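These notes are about the structure you will find just below.
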Amino acid sequence: MIINEKPMYKKLKDLQTLNDPNKPCKRLALAVSEDTHSLEAVNKAYHAGVITPVLVGSKEATLKIAEEKNLDFAGAIFVDEPRPEKAVEKAVKMVHDGEADVLMKGNIATPSLLKAVLNKEWGLRTGQLLSHFALFEVESYHKLIAVSDVAMNIAPNLSDKIAIINNSVKFLNKLGIELPKVAVLGAIEVVNENMQATLDAALLSKMNQRDQIRNCIIDGPLAFDNAVSFESASHKKIKSEVAGDTDLLIMPDIEVGNVLYKTLVWFAKAKVASVILGASTPIVLTSRSDSEESKFDSILLATLG
Ligand code: COD
């Protein structure tokens, strides 16, 4: 098989080179806009010429934060809706109706936003599985590494994992990673019939060999250490094109994924950009506790292409 081609990004800011300065600005609907870090990130993206803000939420609370933080939103569109659930509905409907191009989560819980996105009448469904995609810059790893799913699909089955891989691979292809290396994680790197994650991983790996899942190289089960470290893989005598050089880590379930996400951010001081894929447009979906920088990088990721 062909070995993964360049480009190889090490930093999230390298992705800025993918944004075409000549393309028209995308209209970004911030759902429940009264959120300090989100407003700071949106303001930065606005003044960088990446997006035009559509701020859907309490106008009074939003303007108060803007004034306190000295954020200039002149020229932005305000949709005044002080009730958070209604603000989410209005923001999603605006994207559904073509009045905005990208959706971003503001001061609202993730499940509330996702339920609105999945609404059968006015949501952003496409008939495919929607999944969360997080792209990490970790100092100790030699390139950016993607992780999915850490925030949407709670207990993905085999067919969900196929969809999660396909969504992520398509997006990595868009970032210029032509043949991403995908590690399907388990607690161990051999099949144990009592560990469903290892069974799924082996099947996904075989499906990839038989061209049932394309445009990537899948290996699994791999344990986290041998997925990200050549040294660990060779110590365990694992022969794999993926081990130690993974572009995408597939999580067994949301608990493992979310704990890894937060461990990387809080202990390893990793930087992260996150979006929901598989909807009619990418959705910026970060944790409410994520930094302004993380939210800005996520906006860049969502507006690529
Ligand atoms: N993609 C496409 N359709 C979906 C998906 C998906 N990922 N998930 C559910 N659906 C469809 C179903 O087929 C069904 O038609 C409808 O949506 C409702 O399905 P339910 O009843 O299983 O889903 P909900 O509405 O109860 O919950 C969907 C959530 C995404 C809200 C739920 O899965 C959830 O809470 N996920 C975790 C969110 C979270 O707490 N993240 C925290 C990390 S910060």
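Since every read-out is calculated from the coordinates, none of them should be taken as a lab result. Bear in mind the structure is a predicted one, so any value in this text is a computation, not a measurement. Quick reminder, even Gly has a Cβ in these numbers, built from the backbone with ideal geometry, and neighbours come from all protein chains shown.
Assorted remarks:
- Summary value for the chain: 23 percent relative contact order, contacts being C-alpha pairs under 8 angstrom separated by 6+ residues.
- Full-extension gain in nm, residue 255 to residue 206, via 0.36 nm per residue minus C-alpha separation: 15.1 nm
- Amide H within-cut-off set for residue 178, under 5 Å, with H built and near neighbours excluded: 5
- The HN-Hα couplings worked out from phi for the stretch 190-202 by the Karplus form 6.51 cos²θ - 1.76 cosθ + 1.60 (θ = phi - 60°) are 10, 6, 10, 4, 8, 10, 4, 4, 6, 5, 4, 4, 5 Hz, whole numbers, x standing for Gly and Pro.
- Members of 23/295; 13/181; 115/181 lying beyond 29 Å, as alpha-carbon distances in this model show: 115/181
- For the residue pairs 26/93; 237/262; 11/269; 59/86; 86/271; 26/269, the C-alpha atoms sit more than 24 angstrom apart in 237/262; 86/271; 26/269.
- Relative contact order for the stretch 133-278: 35 percent, from Cα pairs under 8 Å spaced at least 6 residues apart, divided by residue count.
- Estimated purely from DSSP H runs of n ≥ 4, each contributing -39500 (n - 2.57), the mean residue ellipticity at 222 nm for the chain is -11000 deg cm²/dmol once divided by its residues.
- Taking amide hydrogens as placed 1.01 Å from N in the peptide plane, the amide H of residue 218 sits under 5 Å from those of 182, each at least 5 positions away in sequence or on another chain.
- Farthest toward positive dipole pole in the stretch 1-72 [+1 Lys/Arg, -1 Asp/Glu at C-beta], among 8, 43, 31: 8
- Mean Cα-pair separation over length for the stretch 42-119, i.e. relative contact order, pairs under 8 Å, 6 or more apart, %: 27 percent
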